[in-house]
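Down below is the structure, laid out as structure tokens.
The values are calculated or read from the model by the stated rules, or taken from the named source; none is laboratory data. Owing to the predicted nature of the structure, the values given are computational and were not obtained by experimental measurement. When we count neighbours, we look across all protein chains shown, and the Cβ atoms used for this are built from the backbone with ideal geometry, even at glycine.
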Amino acid sequence: MLSLYEDEVAGNVRSFYNRLFSRSDMVHKGKFISGVVPPVERSECAWWFVFRENNLLVYQGPSSAILPSLVALGELGLTPLSSHYLGRLDNRPCYTAEVAEGTNPPAGMTFEGLRRLYGSLDEDLFWIAARAVQIVDWDRTHRFCGRCGIALNMKTTERAKECPQCGLLYFPRLAPAIIVLVQRGDQLLLARSRHFMEGMYSVLAGFVEPGESLEEAVMREVREEVGIEVKDIHYFASQPWPFPHSLMVGFTATYAGGEITFNDDEIENASWFDADNLPRIPGKISIARRLIDWFIEEQGK
Ligand SMILES: [Zn+2]
């Protein structure tokens, strides 16, 4: 299920990488405290993550994108369809809002896709935007109870919606997926999905099935995609992946047997590669790249 990364952009990303490269890189530099209950007084400047569909409203400078900091969205002349309090970043409130599809950006601003903003928007704000877009999407796509068909109420004390008739709760969607770097001696396994951009290879990834442990998902996915068995499965790191709502859980594993085969429609090619002779690989936004870079560093030791 490599299509998770189907439109991964390998280049076009400014290098935040030295800051990023560590196992704890998803623990952000700024102090963000998630919350659902907004401050009573709305008199202080807040970060506003405003989405038109899945595109974020920013001031686009020559080399960086800047998020609006406002007391209220009305300052930009915008009327949101909905808004949500997200929490505080370094004690500044953060809100997200959705505006109607036909909304024009205010003067000097644009609506940009999140992937394009990686590297030009402040790193902490980028990952809050990645959180915000999922909350906006969840709100947009969870309006009615699937059992009763009546309108849901937003809960005020937790990030959830509740059916006023049957009490069924609806939380933001999150699809866990595994991503695994498989080693055989001094080589690693990379595969190419037919959805990838030309020439690009990556490590294997796939969604976790109900009833399955993460380790079982790793073994199944590798077996299904390329027909080999793995052992020594170790946790590496995790990464929220908001395209649209995955949590990527990264692992390393060791080859345990079998020959590479790829019969399914998904994989176009798969092979063992040396660290010093790699094909085109995913961009630095992704945990796939961090796994591959970790492997390269290990080989150099
Ligand atoms: Zn219901």
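Of the residues making up segment 96-150, those that are acidic (Asp, Glu) and exposed (fewer than 15 other Cβ atoms within 10 Å of the Cβ) number 1. Could you tell me whether Ile292 is at pLDDT 95 or above and part of a helix (DSSP H, G or I)? Yes; evaluated as a whole, the condition is true for this residue.
Asp139 satisfies every condition listed in (1) assigned to a loop (DSSP other than H, G, I, E, B); (2) in contact with a strand residue (DSSP E or B) (Cβ under 9 Å, 6 or more places away or on another chain) except (1). Test Pro93 against the criterion of being under 24 Å from the mean Cα position of the chain (by Cα), part of a loop (DSSP other than H, G, I, E, B) and farther than 16 Å from Glu53 by Cα, and give yes or no. Criteria not met by Pro93. When each of Ser15, Ser34, Ser24 is tested for being among the hydroxyl-bearing types (Ser, Thr, Tyr) and either at pLDDT 55 or above or surrounded by 17 or more Cβ atoms within 10 Å (Cβ to Cβ) (or both), the lone residue that passes is Ser34.
Looking at segment 111-134, is at least one residue within 16 Å of the ligand (Cβ to nearest atom) and either in a loop (DSSP other than H, G, I, E, B) or farther than 30 Å from Gln60 by Cβ (or both)? No; the residues of segment 111-134 include none that is within 16 Å of the ligand (Cβ to nearest atom) and either in a loop (DSSP other than H, G, I, E, B) or farther than 30 Å from Gln60 by Cβ (or both). When segment 135-144 is limited to residues that are in contact (Cβ under 8 Å) with a residue 60 or more places away in the chain and touching a Lys or Arg at 6+ places or on another chain (Cβ under 9 Å), the one that is nearest to the ligand (Cβ to nearest atom) turns out to be Trp138. Do we find a residue being modelled with pLDDT under 95 and not aromatic (Phe, Trp, Tyr) anywhere in segment 142-157? Within segment 142-157, one or more residues are modelled with pLDDT under 95 and not aromatic (Phe, Trp, Tyr). Residue count for segment 255-279 under the criterion of being under 26 Å from the mean Cα position of the chain (by Cα) and assigned to a strand (DSSP E or B): the result is 4. Mind checking whether some residue in segment 192-202 is on the phi < 0 side of the Ramachandran plot, buried (at least 19 other Cβ atoms within 10 Å of the Cβ) and acidic (Asp, Glu)? No: zero hits.
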